[in-house]
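Visitor: Okay, here's the structure, questions in a sec.
The values are calculated or read from the model by the stated rules, or taken from the named source; none is laboratory data. Computed from a predicted structure; not experimentally measured. As a convention, Cβ positions derive from the backbone with ideal geometry for all residues, glycine included, and neighbour counts pool all protein chains shown.
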Amino acid sequence: MTTNDLPDRLAAWFADQISNADEVRVEGLDHASLGHSSETLVMTVVARVGGVERRQDVVVRQRPPKPGLLEPYDLCAQFEVLKGLEGTDVRAPEALWIEPTGAVLGREFFVMARLDGEVWEQQRIPAEMESDGTLRRMCESMVDQLAAIHLVDLEATGLASLGNGATFLDRELERWAAEMRRVQRGPLPAMERLLEELRKQQPEPCPTVTLVHGDPKPGNFAFVGDEVSAVFDWELTTVGDPLADVGYLELLWAMPVGITSKPSSLTVDEFVTRWEQRTGITVQHRNWYLAMQVFKVDVIQLIASMLYDAGHWDDPRAIQMAMGIELMTPIGLNALGITDELPMGPIYPREERMQAAQAPTSDQR
């Protein structure tokens with residue numbers, strides 16, 4: 001398979017999905033760089049049906065090369081989540097088709113409708129967005145969409161089958177503990193203490209079981225004007241405790257980038273209050289849920305660092321993610337009342353690996 005024949009391969013596959021089309025072609029094929037855990041292609045599918053051309057802008061989400069950040073990577077489950085959300089108040093892209101075999105692109109993929117909108121993650125925020133109230137309204141819309149996720153009728157959508165909501169907290173802690181153990185090169189005293197305290201202080205879960213997005217960071221929301229137009233990245237979605245999503249967004253809310261970090265944005269307390277008003281659910285044990293999400297993010301960042309260390313990645317963002325572990329772990333420990341200064345252990349790629357990855361190739365000399 002070559003990159004040059006990619007449009008033809010996709011067009012032939014789309015023709016099989018659009019059974020009444022006389023001709024199908026792909027236009028404007030481009031790669032989009034969104035997130036760390038999947039690969040994304042954007043394009044327009046042009047189908048001629050009965051002499052009339054129909055155009056549809058679509059996004060192709062491929063599973064990442066193995067091994068990835070989030071293994072096992074269940075592309076089919078993501079597709080079913082998007083199908084289940086059709087007709088709800090959640091502004092998720094429409095799921096169109098899935099190719100689960102890898103025969104077309106070498107890796108499985110699914111296709112969803114492309115929605116308009118701009119993602120604000122780390123780019124500079126224009127001053128007028130801060131002064132005219134736009135940022136505040138964007139934050140409000142984002143909180144409303146998070147609430148919409150947690151108000152989805154699990155039975156009516158068929159999404160109740162995603163998991164046992166009653167065991168969610170235990171499943172989450174065990175999943176990320178197992179992932180930490182799988183990739184660690186040696187003792188990790190700070191992260192291991194954080195896990196120990198999370199287990200010791202684990203509260204009773206929220207009595208309301210809901211859909212849980214799993215990664216509701218501000219960068220997974222697109223906006224048209226001051227309204228959320230799309231919610232992305234459903235890789236970690238399951239059924240469980242909605243306060244996990246609240247804790248995750250609370251952790252990321254005050255990070256010094258993006259739309260939630262400015263003086264004119266909602267404060268984190270205003271975010272929590274608005275979410276409670278929209279869902280009717282009371283937020284409790286905020287520190288514990290925040291600390292739980294610190295551990296989860298730590299482990300994901302550790303996986304990235306170890307993928308780099310093992311030579312599976314050459315993306316220098318993995319080193320930045322290792323730095324994130326060092327910055328975030330004390331936040332989680334402090335949230336649980338632990339102020340001890342604990343060593344981090346081997347969270348960074350080995351020095352020789354970093355030097356080898358950063359050395360210029362013969363093409364660069």
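Visitor: Select, from 349, 343, 316, the only residue that is farther than 25 Å from residue 172 by Cβ, assigned by TED's automatic domain parsing to the domain that holds residue 173 and surrounded by 20 or more Cβ atoms within 10 Å (Cβ to Cβ).
Guide: 349
Visitor: Do you know which of the residues in the stretch 284-313 that are more than 20 Å from residue 342 (Cβ to Cβ) and among the hydroxyl-bearing types (Ser, Thr, Tyr) is surrounded by the fewest Cβ atoms within 10 Å (Cβ to Cβ)?
Guide: Out of the qualifying residues, it is 308.
Visitor: Separate question: State all residues of the stretch 162-188 that are surrounded by fewer than 15 Cβ atoms within 10 Å (Cβ to Cβ), at pLDDT 95 or above and not charged (D, E, K, R); if no residue qualifies, say none.
Guide: 167, 178, 186, 187, listed by residue number.
Visitor: Then there is this: Consider residue 233 carefully, then state whether it is charged (D, E, K, R), under 19 Å from residue 86 (Cβ atoms) and surrounded by 17 or more Cβ atoms within 10 Å (Cβ to Cβ).
Guide: Judged against the criteria, residue 233 is a match.
Visitor: Also: State whether one or more residues within the stretch 52-62 are within 22 Å of residue 300 (Cα to Cα) and not assigned by TED's automatic domain parsing to the domain that holds residue 318.
Guide: Checked against the condition, which is being within 22 Å of residue 300 (Cα to Cα) and not assigned by TED's automatic domain parsing to the domain that holds residue 318, the stretch 52-62 yields at least one hit.
Visitor: Can we say residue 143 is within 26 Å of residue 260 (Cα to Cα) and either free of Cβ contacts under 8 Å to residues at least 40 places away in the same chain or assigned to a loop (DSSP other than H, G, I, E, B) (or both)?
Guide: Values: within 26 Å of residue 260 (Cα to Cα): yes; either free of Cβ contacts under 8 Å to residues at least 40 places away in the same chain or assigned to a loop (DSSP other than H, G, I, E, B) (or both): no.
Taking the combined requirement at face value, the residue does not satisfy it.
Visitor: So, of the residues in the stretch 208-245 that are over 16 Å from the mean Cα position of the chain (by Cα) and of a type in the set (Asp, Glu), which turns out to be nearest to residue 77 (Cα to Cα)?
Guide: Looking at the filtered set, the residue picked out is 241.
Visitor: Please determine whether any residue of the stretch 286-297 is in contact (Cβ under 8 Å) with a residue 24 or more places away in the chain and either in contact with a His (Cβ under 9 Å, 6 or more places away or on another chain) or not assigned by TED's automatic domain parsing to the domain that holds residue 144 (or both).
Guide: Taking every residue of the stretch 286-297 in turn, none turns out to be in contact (Cβ under 8 Å) with a residue 24 or more places away in the chain and either in contact with a His (Cβ under 9 Å, 6 or more places away or on another chain) or not assigned by TED's automatic domain parsing to the domain that holds residue 144 (or both).
Visitor: Can you tell me which residue within the stretch 163-181, out of those that are charged (D, E, K, R) and either outside any helix (DSSP H, G or I) or in contact (Cβ under 8 Å) with a residue 40 or more places away in the chain (or both), is nearest to residue 346 (Cα to Cα)?
Guide: 179
Visitor: Exactly one condition in (1) closer than 17 Å to residue 279 by Cα; (2) exposed (fewer than 14 other Cβ atoms within 10 Å of the Cβ) is false for residue 200; which is it?
Guide: (1)
Residue-wise test of (1) more than 27 Å from residue 250 (Cβ to Cβ); (2) not hydrophobic (A, V, I, L, M, F, W, C).
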site: 277; (1), (2): no, yes
site: 286; (1), (2): no, yes
site: 289; (1), (2): no, yes
site: 302; (1), (2): no, no
site: 313; (1), (2): yes, no
site: 324; (1), (2): no, yes
site: 333; (1), (2): no, no
site: 342; (1), (2): no, no
site: 345; (1), (2): no, yes
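Visitor: Among the numbered conditions (1) charged (D, E, K, R); (2) under 18 Å from residue 303 (Cβ atoms); (3) within 21 Å of the chain's Cα centre (by Cα), tell me where residue 181 comes up short.
Guide: With respect to (1) charged (D, E, K, R); (2) under 18 Å from residue 303 (Cβ atoms); (3) within 21 Å of the chain's Cα centre (by Cα), residue 181 is out only on (3).
Visitor: Are there strands (runs of 3 or more DSSP E) fully within the stretch 44-128 with at least 3 residues that are over 30 Å from residue 256 (Cα atoms) and over 17 Å from the mean Cα position of the chain (by Cα)? List them.
Guide: Because the criterion is at least 3 residues that are over 30 Å from residue 256 (Cα atoms) and over 17 Å from the mean Cα position of the chain (by Cα), the strands (runs of 3 or more DSSP E) in the stretch 44-128 that meet it are 52-62, 95-99.
Visitor: Right, another one. For the stretch 253-291, which residues satisfy the criterion of being at pLDDT 95 or above and within 19 Å of the chain's Cα centre (by Cα)?
Guide: 289, 290, 291
Visitor: Suppose the filter is on the phi > 0 side of the Ramachandran plot and without any contact (Cβ under 8 Å) to a residue 40 or more places away in the chain; does residue 214 pass it?
Guide: Judged against the criteria, residue 214 is a match.
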